[in-house]
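The values are calculated or read from the model by the stated rules, or taken from the named source; none is laboratory data. All figures in this text were calculated on a predicted structure; none of them were measured in a lab. Here Cβ is always computed from backbone atoms with ideal geometry, including for glycine, and neighbour counts include all displayed protein chains. The area values use the complete protein model at the heavy-atom level, side chains included, leaving out ligands, DNA and RNA. Shrake-Rupley method; radii C 1.70, N 1.55, O 1.52, S 1.80 Å.
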Amino acid sequence: MGAKKENNDDEMDEKVKKYLRGEAANLEGLKDKKLKGQLAVREDLYGKSAKTAAKIEKWLLPSEGGYLEAEGIEKTWRIKQESIAREIDISSSKNQYDIVLPELGPYTLDFTSNGRYMAAAGRKGHLAIVDMKTLNLIKEIQVKETVRDVVYLHNELFFAVAQKKYPYIYNRDGTELHCLKEHGAVLRLQFLKNHFLLASINKFGQLHYQDVTMGEMVGNFRTGLGRTDVMQVNPFNGVVALGHSSGTVTMWKPTSSVPLVKMLCHPGPVSSLAFHPNGHLMATSGKENKIKIWDLRKFEVIQTMPGHAKTLNFSQKGLLAAGTGSFIKILADFSGSQNYNSYMTHSMAKGYQVGKVLFRPYEDVLGIGHSMGWSSILIPGSGEPNFDSWVANPFETSKQRREKEVHSLLDKLPPETIMLDPTKVGTVRAPQKKEKPMKKEIEAEMEAAIETAKVTDFKKKTKGRNKPSKRAKKRQEMIERAKKPFLEQQIQEHETSRKKQKTNPETEMPKSLQRFVRQKAA
């Protein structure tokens, strides 16, 4: 019984360590008693919260994510989908399939935020909505024109499609709701769910932001860097990144007509980019056969890998999928040191050209849109095993969906909150230097002071002391007194400007003669 209790204590200590915020601060060297007491109370609070989290872990986190584990000299990237299919249960095996529609491809995909529904769009005008839990086809329509991209809006009821001339918004029944003519011929679409903004880049290199709640066009900017179809939203701060043919990546927000960041990532065109869910890592691939991982806090390359990728995507747990031709490679960082290594590989049938790879949220599934249709493969450890029903619930009812929609509209963030560092929102701005008043402002103040001096009434005094000449003289004195501080300020400014103009004789003379100038004694 005692041994069992000791084992339980050891397990609890291990769990507590997982939730602690690093090692406790060393307070022995502190001389300030008040600060020492405050920090001691805070450390005690951190310890209590870690213990509470460890106790209720089994109720809050019923599932644990697991990765492929190889034995001996075996490598995980050599394990095929057929080998995984033999070891899994029936419900998981449903997630391995190929839908072959060669006449309507190539296909692009998008999942809802809870991973329940998928929208598939074929270049030849085929649109399909699929329930991924039951694998039932909800709706299928043919728009009879080119489709370049598809993206879900705030829930599964609405989705936007980039068609030949304009983007359109449809509902789940396939009914056309809106035609967004201001966007033009769009190549890529992205939706900012916290701000309810639909972002698009058209074939003329124009970036548009439209508020889908009010229909207002929030931003319309010319990138000035030519046509591009590489576009991604950073989930951490809502900043839109564009990859250009010059090798640069620009980052935009809807309230600025110039990019927040313009960084040279590759010597040749950028073929794809993706953001890590934490928002601090960015993966880019260039036509020079290099895949780079960037730290966005310092804007530095932390890893460069050989290989080309037409499409990139990060999973919820940080796995990176790269697809090119008919080959897909999954990279993983198990050490936590931001060093990505090969985890899994998958080869499509010969002749299939991968157009888009996209991890399905809350599932160990990778969706692949290719030239012959779309496919789904299993990637163990890619999805978050436990969903938060307040954030994304794959089993939500229509009533819960309505409630969530109302709450998300009430919590909608204004476009001004999109910035590189969103932690600055709500903080106090640092005190700035007092700005110098303009010349017109100084003149206006002086005139106002003179007017008040002119209007001032004098007390009525005894006979002989209340003459008009004396009153006029006194009023003139008051006007001069009101003018005095402004005139003194002007004289002072004039003197400082004269001092600035006095420069060294070296700088006044031509460069060729400066060496003949008499040197001052040290």
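Site-free segments of the chain were taken between GluC sites (Glu not before Pro) in DSSP loops having at most 15 other Cβ atoms within 10 Å, sites themselves excluded; the longest one is 289-434. For the chain, the relative contact order is 10 percent, taking Cα pairs closer than 8 Å that sit 6 or more residues apart in sequence and dividing their mean separation by the residue count. When the convex hull of its Cα atoms is viewed from all sides, segment 236-358 shows a mean projected area of 7.8 nm². Using a probe of 1.4 Å on the protein chains alone, the accessible area found for Val240 is around 0 Å². The apolar share of the surface of the chain, taken as the fraction of accessible area on carbon and sulfur atoms (1.4 Å probe, ligands and nucleic acids excluded), comes to 52 percent.
Each residue was assigned an accessible area with a 1.4 Å probe, and for Asp10 the value is about 90 Å². With angles folded into 0 to 90 degrees, how steeply does helix 398-410 sit against the dominant principal axis of the chain? Use alpha carbons for both and round to 10. Roughly 20 degrees, rounded to the nearest 10. Per residue, the accessible area of segment 188-257 comes to 36 Å² when a 1.4 Å probe rolls over the protein heavy atoms. Could you tell me which of rounded, prolate or oblate describes segment 323-400, using a ≥ b ≥ c as the square roots of the eigenvalues of the alpha-carbon gyration tensor, with rounded for a/c under 1.5 and, failing that, prolate when a/b is larger than b/c and oblate otherwise? In terms of gyration-tensor shape, oblate.
For the chain, what percent of Cα pairs sit more than 41 Å apart? For the chain, the fraction of Cα-Cα distances above 41 Å is 43 percent.
Roughly how tilted is helix 2-19, in degrees to the nearest 10 and between 0 and 90, from the longest Cα axis of the chain? It works out to around 50 degrees. Sparsely packed loop sites in segment 373-417 (the chymotrypsin sites (Phe, Trp or Tyr not before Pro) outside DSSP H, G, I, E and B with at most 12 other Cβ atoms within 10 Å) comprise Trp390, Phe395. Counting every alpha-carbon pair across segment 14-152, the share separated by more than 27 Å comes to 58%. If you line up the long axis of helix 468-501 against the longest principal axis of the chain, both from Cα atoms, how many degrees apart are they, to the nearest 10? Tilt of helix 468-501: around 50 degrees. Here, P(r) means the percent of Cα pairs in each 10 Å bin from 0 to the largest distance; for segment 341-456 it is 9, 17, 18, 19, 11, 8, 9, 6, 3, 0. Shown are Arg401, Arg475, Arg481, whose ranking by accessible area with a 1.4 Å probe and every protein chain present, most to least, is Arg481, Arg475, Arg401. Of the chymotrypsin sites (Phe, Trp or Tyr not before Pro) found in segment 166-219, the ones in coil according to DSSP and having at most 13 other Cβ atoms within 10 Å of their Cβ are Phe204.
The residue among Phe327, Asn289, Ala25 whose Cα reaches farthest toward the positive pole of the charge dipole of the chain, with charges on the beta-carbon of Lys, Arg, Asp and Glu, is Ala25.
Solvent exposure of Lys164, expressed as accessible area, is near 110 Å², computed with a probe of 1.4 Å over the protein chains only.
In segment 199-294, Rg over Rh equals 0.97, where Rg is the alpha-carbon radius of gyration and Rh the Kirkwood radius from pairwise Cα distances. Among the trypsin sites (Lys or Arg not before Pro) in segment 197-273, those located in a DSSP loop and surrounded by at most 16 other Cβ atoms within 10 Å of their own Cβ are Lys203, Arg227.
Averaging the sequence gap over all C-alpha pairs within less than 8 Å and six or more residues apart, then dividing by the number of residues, gives segment 218-377 a relative contact order of 12 percent.
Helical runs (DSSP H, four residues minimum) scored at -39500 (n - 2.57) apiece and divided by the length of the chain put the mean residue ellipticity at 222 nm at -7500 deg cm²/dmol.
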